[in-house]
Amino acid sequence: MSDGLTGKTDPVRFISALLNSVVVIALFSHSRVYLVSTLRFGERAMDFDASCSLVLCGKSSVETDAATRLKNNNVLKLPDNTKVSIFLQSEIKNLVKDDDSFNLSLFMNSISTHRFGRFLIWSPFLSSTHDVVSHNFSEIPVGSVCVTDIQFKGRGRTKNVWESPKGCLMYSFTVEMEDGRVVPLIQYVVSLAVTEAVKDVCDKKGLSYIDVKIKWPNDLYLNGLKVGGILCTSTYGSRKFHVSVGVGLNVDNEQPTTCLNAVLKDSCPASNLLKREEILGAFFHKFETFFDLFMKQGFKSLEELYYKTWLHSGQRVIVEEKNEDQVVQNVVTIQGLTSSGYLLAMGDDNVMYELHPDGNSFDFFKGLVRRKL
């Protein structure tokens, strides 16, 4: 919050104000408006918009030292000239009073991975976790994760907007890959790791089974409603692909669709419901294992489990194609994935086809392009 004299932002006053006054925020999507959260922040919106507070913490002394260097060098940046205030975890112990805030210690105590999730960036309110990791890829350790409690510029594929209210697990993390041919498949590895992480946490807590399914190419569904999505972007430099992976998963927010805890709350006490920190910790354990298999043996090593988890085996799809001035409908049956990550399907003529999204349809199964194999 600006001190009114120098124009500089006092980060301690900023977070304190962030947690102590309330404004209602509505997010717009197409013709609908969702009232998604009551947001705590300072008296003047312009002060909030002008600054972003990031808290850095690490699993071991290696990551903690990296956090200290990043703070001292003040190198983390965000787009649109947003001012960034950086804190270490030790500096906020007596500052954050909101019980609903992401529990950094609980998450760090839950992981024992070798690379992923060991360096954490947290913000109570953020435009986009994806912006943090993608704009600072070369500055932060590979495998770093950024988490926020409320996100106001979340996005999905193309220009789709991801609704990001409180209670949603929103995070982005970094991956490095050398083979550009398999980069498009990473979203399937991430999707699988999310679904398996949810199962793992439910098992450990003795909870009812939650059957989260994968809708190709990057959505997560529960009981016919969308509860999550994955966004992967990449750049190329120094002979490596720098992949930024974003995940949104409805854990405790029943709007705008449904959430994981909605199916559990009638069968277990509130104290035993799923926590975002537990799911994120389990995710990185699953992802690190799956990613190593994927890099060593290819996606074939994960296909059997993936096909058990997705919605589409044997699904009949109508593909519309233009033949001169006429639109011709062809029915195909989905068999699996091709080596490049598109849908493998068989036509009624027993010919195999590769199905691509046309890039324009909101529902990918209404805008598929068929290519004969």
Residue count, segment 302-352 (criterion: of a type in the set (Gly, Ala, Ser) and closer than 20 Å to residue 195 by Cα): 3
Matching entry among 49, 98 (being open to solvent by 30 Å² or more (accessible area, probe 1.4 Å), under 30 Å from residue 285 (Cβ atoms) and modelled with pLDDT under 90): 98
Test: residue in segment 319-337 that is assigned to a strand (DSSP E or B), open to solvent by 30 Å² or more (accessible area, probe 1.4 Å) and acidic (Asp, Glu): yes
Failed condition for residue 109, given (1) open to solvent by 10 Å² or more (accessible area, probe 1.4 Å); (2) touching a residue at least 12 places away in the same chain (Cβ under 8 Å): (2)
Subset of segment 112-140 [touching a Pro at 6+ places or on another chain (Cβ under 7 Å) and either hydroxyl-bearing (Ser, Thr, Tyr) or surrounded by 21 or more Cβ atoms within 10 Å (Cβ to Cβ) (or both)]: 119, 131
Index of the failed condition, residue 267 passing every other in (1) outside any loop (DSSP other than H, G, I, E, B); (2) of a type outside the set (Val, Ile, Thr); (3) open to solvent by 50 Å² or more (accessible area, probe 1.4 Å); (4) over 25 Å from residue 247 (Cα atoms): (1)
Subset of segment 205-219 that is out of contact with any Lys or Arg (no Cβ under 7 Å at 6 or more places or on another chain) and assigned to a strand (DSSP E or B) - its residue that is surrounded by the most Cβ atoms within 10 Å (Cβ to Cβ): 214
Pick from segment 205-252, criterion basic (Lys, Arg) and touching a residue at least 60 places away in the same chain (Cβ under 8 Å), ranking: nearest to residue 309 (Cα to Cα): 213
Number of the exception - residue 184 against (1) in contact (Cβ under 8 Å) with a residue 12 or more places away in the chain; (2) crowded, with 18+ Cβ neighbours inside 10 Å; (3) not small (Gly, Ala, Ser): (2)
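The values are calculated or read from the model by the stated rules, or taken from the named source; none is laboratory data. Not measured: the values here are computed from a predicted model. For neighbour counting, all protein chains shown are included, and Cβ atoms are generated from backbone atoms with ideal geometry for every residue, glycine included. Ligands, DNA and RNA are stripped out before the accessible areas are found, and what is left, the full protein with its side chains, is counted by its heavy atoms. Shrake-Rupley method; radii C 1.70, N 1.55, O 1.52, S 1.80 Å.
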